[in-house]
Structures are given as structure tokens and as C-alpha cells.
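Reading through the C-alpha cells given below for one structure.
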Amino acid sequence: MQPLFLKPVFKERIWGGTALKDEFGYEIPTDHTGECWAISAHPKGPSVIEKGQFAGTTLNNLWKEHPELFANPKEEVFPLLIKLLDANMDLSVQVHPDDMYAKVHENGELGKTECWYIIDCKDDADMIFGHNARSKEELVAQMNEGKWDELLRRVNIKPGDFFYVPSGTIHALCEGTLVLETQQSSDTTYRVYDFDRRDAEGNLRDLHLEKAIDVITFPHLDAKYTPRVNEQAEITITTFVESEFFSVFKWDVRGKAAFPAHEQFLLLSVIKGDGVLLHRDERYELKKGTNFIIPVGFGAFELEGQCELIVSHT
């Protein structure tokens, strides 16, 4: 059995830039590339297995045809989506529905709870995270009056920060931010405010106010989690969050670290440095920007080198 190395899918966005090329060496399609769908089985951009036994197969087909690699899951669709986001400009202020609302209103799509690991950002960076309205009526009134500065909460951010973003949370990444996002496999976003920007054809982008107001949480509540740090000789493992949707970790390898066999399949993205994955008699080179899955049944393995990875599982 081999790791599943994935070819990323890129998405042009009005707010995108070139950081995915500059930082990770990816061949991006344009200088306005905002998203790298690094590990995706979503029908709008499924990843393709790059090499090995399943080379050329999309991840969504592999999920259907070889469920044994994923512990024979009950879910019909691959549950997670890993993205790298280059916010070269402010993103729109937005909110996502939960599973129940999305199932009814978005043709069975999953809801979208997500989380962000801040890889890099400009000095004195911030982001929009939550709102100050005490009720739906107050929120609608402030939106209608254009009182966005009063309504929206801003928080300062720095590289290495982690944010858990439950469905129903108003949020927006801001200019100069590079993020790894772990989320439910959904592409449903309700745009609340877009700074009156126009697209390439000069049109204002659509807003989705009715649905957004339906799903926004009142009052805003910051998600409660306490990262746990396990410091070892040649690796530091940080557990960021363990939720009903996903668990997310950071592995900071500085030498050689051994890992036991896992009961879950693991999603891994190298965000810094390089190294080698050692498995029995095989060596797999890893570099910044490598994205791969360790399937169920892979067994014990080792990581060697100087590298940082964001790791997740359901």
C-alpha cells in the first residue's frame, strides 16, 4: 500500500494573487489565483492521484470504488476539503449554512464548518470574525443603514494562529493573508457584503442576504477550544481542535519521528520545509506544497527531515 499523492486544483478569484506560486512553487493558471483545492473530492474540483497504483483516478471515484482505503465509510461523499487560500485582497464578508439547512436549500450539499491555520500574513493583519448585533432585527437594520464598521468584529492575526469557524459565523479573510483551510466538503457560501467591488465585466457580485440572515448565529459566540501541545525530542504535535466534523493537528518535525498505524485515513499538507516519509522499504520525498493521504491499512511509518505539516481526519 502507498500514500495517495494528489495533484491540486486551482481556482481564479477576484481577490487572489500569486502567493500560491511564490510560496509553494505551484504552476497557477493566472495572477489572480485565490484557491488551491489541495485535497478535494468535491465535484466542482476533484483532485487526481498523481502516481502509484491509482494514478489518474480522481479522489471522488477512489472513494466510491475503493472504500477499504477509507475504512469502508458510511458517508456517500468524501467528507473533507483542504484548501490553501491566498487573500491578496479582502474576501467578501460571508457565512455558511449547517448540514440541515444546506440539505434543504442547496440540493443536498453538505454544510460548511471550517477552520484556518494562518501560514503567513502581513504585519498588523486582521480579519473579520463575528458580528456585534444582539438580534436578527438589529443586524438587518445595521446592514440596511450600511453600518458595517459597527456591525462587524475584527480580530488581529499573526502567523501560526488557528481559528475554528462553525457554520453560522460571519467571517472574512483580509488582504495579505495566506491560510490553510480545513472544511467540510462544501462549496456553499452566502455573501453578505462585498465592499461594492465589481468583477471583470464591471458587475457587482451577487449577495445572498435572505439565506445569510437565515443561517447567521445570534448572538455571535466564539468557538471554544484549547490547543494541546505534545513536545517530544524530534517532533512537536499540536492538537488544534477535535470536533464532530474533523480533528486538526500540526506536526513540527525536526529530525526523525515514528507514527503508529492509524484507524482513520489521514490528510496531510506540507506547509514548510521538506523531508521523507519512510514506510517499510519505501521512501517518499516530501516538500513544501506536497498534499497526500495516508489510507487505512497503511501501517506504521516515520517522517524524517525539517518540516511542518497540517494533518486532519474525520
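Only the coordinates and a few stated rules stand behind these numbers; no lab work does. Because the structure is a prediction, the values reported are computed rather than measured. No Cβ is skipped: glycine too gets one built from the backbone with ideal geometry, and neighbour counts run over all protein chains shown.
Restricting attention to the alpha-carbon atoms of region 228-313, what are Rg (one decimal) and Dmax (integer), both in Å?
Rg, Dmax (Cα atoms, Å): 12.1, 36.
How long are the semi-axes of the ellipsoid equivalent to region 21-110, from square roots of 5 times the Cα gyration tensor eigenvalues, in whole Å, largest first? Walk me through the numbers before you get to the answer.
Values: eigenvalues 131, 103, 16 Å².
Whole-Å semi-axes of the equivalent ellipsoid: 26, 23, 9.
Only helical DSSP H runs with n ≥ 4 go in: add -39500 (n - 2.57) per run for the chain, normalise by residue count and round the 222 nm mean residue ellipticity to 500 deg cm²/dmol.
Values: 6 runs with 40 residues, N = 314.
When only DSSP H runs of four or more count, the value is -3000 deg cm²/dmol.
I want to check a number: in region 1-121, how many lysine pairs have alpha carbons closer than 17 Å, given a sequence separation of 8 or more or different chains?
14
Show me 25-31, 79-85 ranked by packing, highest mean number of other Cβ atoms within 10 Å first. Please list the in-between numbers first.
Details: 25-31: 13.4, 79-85: 23.6.
Peptide ranking by packing, descending: 79-85, 25-31.
Determine, for each peptide in 184-194, 238-248, the mean count of other beta carbons within 10 angstrom over its residues, then list the peptides with the highest first. Intermediate results must be reported in sequence, preceding the final value.
On the way: 184-194: 20.5, 238-248: 18.4.
My ranking of the peptides, most packed first, is 184-194, 238-248.
Which peptide among 34-42, 51-59 comes first, and what is the full order, when sorted by highest mean count of other Cβ atoms within 10 Å?
Numbers: 34-42: 24.3, 51-59: 14.9.
Per-residue mean Cβ counts within 10 Å order the peptides as 34-42, 51-59.
Across bins of 20 angstrom width beginning at 0, how are the C-alpha pair distances of the chain distributed, in whole percent?
All Cα pairs, binned at 20 Å, distribute as 32, 58, 10, 0 percent.
Determine the gain in length on full extension of the stretch residue 149-residue 126; use 0.36 nm per residue of separation and subtract their C-alpha separation, reporting nm with one decimal. Walk me through the numbers on the way to the answer.
On the way: separation 23, 0.36 × 23 = 8.28 nm, distance 1.37 nm.
So the extension gain works out to 6.9 nm.
If one computes the Cα centroid of region 223-282 and of region 152-178, what distance in Å separates the two points?
Their Cα centres are 23 Å away from one another.
Suppose the chain between residue 68 and residue 232 were pulled fully straight at 0.36 nm per residue; how much longer would it get relative to their current alpha carbon spacing? Walk me through the numbers before you get to the answer.
Numbers: separation 164, 0.36 × 164 = 59.04 nm, distance 3.25 nm.
Gain on stretching residue 68 to residue 232: 55.8 nm.
Dipole of the chain (Lys/Arg Cβ +1, Asp/Glu Cβ -1, origin at the Cα centre): which of 29, 189, 40 lies farthest to the positive side?
40
Given the C-alpha centroids of region 115-135 and region 33-65, what is the distance between them in whole angstrom?
Their Cα centres are 30 Å away from one another.
Would you mind calculating the gained length between residue 104 and residue 218 on full extension (0.36 nm times residue separation, minus the Cα-Cα distance), in nm to one decimal?
38.9 nm
Among 262, 131, 171, which one shows the highest mean-square fluctuation when the chain is modelled as a Gaussian network with alpha-carbon springs under 10 Å?
Among 262, 131, 171, the largest mean-square fluctuation in the Gaussian network model of the chain belongs to 262.
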